[in-house]
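Below is one structure; the comments refer to it alone.
The values are calculated or read from the model by the stated rules, or taken from the named source; none is laboratory data. Quantities reported herein were computed from a predicted structural model and do not represent experimental measurements. Methodologically, a virtual Cβ is constructed for each residue, glycine included, from the backbone with ideal geometry; neighbour enumeration extends over all protein chains shown.
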Amino acid sequence: MMFFGSFEHAVDDKGRIIMPSRFRSKLEEGVVMARWLEQCVAVFPRNEFEKMAERIQALPEGSAEKREFSRVFFGHAYEAMPDRQGRLTIPPKLREIAGLDRDVEAELVAKAKAIDHGLGEVEDANLDAVEHSGLDALGQRHV
């Protein structure tokens, strides 16, 4: 299962974003949305999320990297089903992390196995700076 392309869609007042029609059949079994690198929200088909979880769990037991990455990745993961119009409701915490406010144009970037939602440069004073840099660094080394 592969995703390609870049699309812009607005987040509505209920926190929903429409998935491009060409992705919908790949997402109809449900998705897992999770905090991702560079303050983005990744949308994984369930089976791809499970593969990612296995990779994270394969990191060395007891390592600080595994604990931190697991806490951030799994702690901000949410299951969802697209509605009949192909929209996903992004949970408030994930919208906050990615800076996806109401009526903001979000860029959907296909990254082969997942779809990223983000705005590019986003400042989030509510999240620990170490958490940001730690997740990005871990992702670059292990994911």
Legend entry - Output for region 47-88, where each listed residue is in contact with a helix residue (DSSP H, G or I) (Cβ under 9 Å, 6 or more places away or on another chain), among the charged types (D, E, K, R) and under 29 Å from A10 (Cβ atoms): E79
Inset, instruction - Please work out which one of (1) over 16 Å from P91 (Cβ atoms); (2) in a strand (DSSP E or B); (3) of a type in the set (A, V, I, L, M) is the condition V32 fails and give its number. - result: (1)
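Residues are listed down the side, and each one gets a yes or a no for (1) hydroxyl-bearing (S, T, Y); (2) under 15 Å from P91 (Cα atoms):
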site: K14; (1), (2): no, yes
site: L37; (1), (2): no, no
site: E48; (1), (2): no, no
site: A53; (1), (2): no, no
site: L59; (1), (2): no, no
site: S63; (1), (2): yes, no
Inset, instruction - Look at region 87-121 and say how many of its residues are assigned to a loop (DSSP other than H, G, I, E, B), at pLDDT 90 or above and surrounded by fewer than 18 Cβ atoms within 10 Å (Cβ to Cβ). - result: 1
Inset, instruction - Quick one: count up the residues across region 69-86 that are part of a loop (DSSP other than H, G, I, E, B) and polar (S, T, N, Q). - result: 1
